[in-house]
Amino acid sequence: MIEHLFDIEEVARGSSPVHRCDARVKLIVAFAVIIAAVALPYTTAAYLPSALFLVFFAILWATARISPTIYLKRLLLVLPFGFFLIVFQIFFTNPHYAEFHPLVTLPLGIHIYAESVEFASILGIKFLACISFIILLSSTTTMQGMLEGAGRLGLPAEFTLIIGMMIRYLFLFARMYLQIGATLQTRCFDAFDRSLPYRYRMKMLAYTIGTVFLRSFEQGERTYTSMLCRGYGRDSHLFITKKPLKMGEWAFLAVSLVLVPAIGLLGWIA
């Protein structure tokens, strides 16, 4: 799983117009779509706006020239977190409907309601629209680029410093984890090999986790000492240069901020 961390940054370093677009523009557009999708009413009128958001996403994804397989893989990684919440809705009533009509009656008095199935489908398409734009943002913007874009949009300096440090050493610890995993493989250790005693496997995994924590602690001490030697103090902040938006970026932002609310209004006037 952690190996995909490097693949995410590799894809985000593309050269398409969407990749080159300023991170501030992509952050604003993504948040605008998420807010508009969440604000849609929980009625069948939400289908059309959500579908139009997905069409907008598909156009941007095609412009980014990223393989659809990458989107599907990342969607499958995220889908379980929202899928179960959406599926469980079919078994419960909710305040968005006045009457409920059972479609299927299961043992133990469990019912599947027609209105709850409709609510789950509305929730599902809204979730898909929101998560698609998050995947687009992460696939076309590096972590450092998003941090700098958020800083230019007014994210407090304390947050940019903390998140910046996290991003800086996230890949270091990921590489450290891979090195430890490779070391265990050279010693023919496999945590899922049932031919090895269970207690032995748990013991080795505990040693591995402990080693990572110790290395993290030691790296933190070395980093903090180095920062103090370079003048780090309570008033230190991550330096982010000013960067004006280009005319094309202003135009794309303006069109998006007109298009997204207009699509959102379709759910209320339909």
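No lab work stands behind these numbers, since they all come straight from the coordinates. This structure is a prediction, so every number in the text was calculated from the model and none was measured. Cβ coordinates were reconstructed from backbone atoms using ideal geometry, including for glycine residues, and neighbour counts include every protein chain displayed.
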Rel. contact order, % - alpha carbon contacts under 8 angstrom, at least six apart, the chain:
33
Tabulate in residue order the Karplus-calculated ³J(HN,Hα) for the stretch 95-103, using 6.51 cos²θ - 1.76 cosθ + 1.60 with θ = phi - 60°, rounded to whole Hz; enter x for Gly and Pro.
x, 7, 10, 8, 10, 10, 10, x, 8
Length gained if ARG65 through LEU153 is fully extended, taking 0.36 nm per residue and subtracting the Cα-Cα distance, is 29.0 nm
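Going down the list LYS26/LYS246; LYS26/LYS126; LYS126/LYS243; LYS26/LYS242, which pairs span over 22 Å between their C-alpha atoms?
Beyond 22 Å between Cα atoms: LYS126/LYS243.
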Could you tell me which of rounded, prolate or oblate describes the stretch 186-270, using a ≥ b ≥ c as the square roots of the eigenvalues of the alpha-carbon gyration tensor, with rounded for a/c under 1.5 and, failing that, prolate when a/b is larger than b/c and oblate otherwise?
oblate
For a quick check: with amide H placed at 1.01 Å from N, whose amide H comes under 5 Å from LEU103's, ignoring anything fewer than 5 positions away on the same chain?
ILE112, TYR113, ALA114
Calculate, for TYR232 and VAL212, the FRET efficiency according to 1/(1 + (r/R0)^6) with r their C-beta to C-beta distance and R0 22 Å; round to the nearest 0.05.
0.30
What ranking of TYR224, TYR177, TYR198 emerges when the number of other C-beta atoms within 10 Å of each C-beta is taken as an exposure proxy, fewest first?
TYR198, TYR224, TYR177
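Using the Cα gyration tensor of the stretch 155-229, with a ≥ b ≥ c the square roots of its eigenvalues, what is the shape: rounded (a/c below 1.5), prolate (a/b larger than b/c) or oblate (neither)? Mind dumping the intermediate values first?
Working: a/c = 3.17, a/b = 2.64, b/c = 1.20.
Prolate is the answer for the stretch 155-229, as a/c is 1.5 or above and a/b outweighs b/c.
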Added length on full extension, which subtracts the Cα-Cα distance from 0.36 nm per residue, TYR169 to LEU77
30.8 nm
Distance in nm between ARG13 and ILE162 label points, each 7 Å along Cα→Cβ, equals 2.9
With springs connecting C-alpha atoms under 10 Å apart, model the chain as a Gaussian network and identify which of LYS243, LYS203, LYS26 has the largest mean-square fluctuation.
LYS203
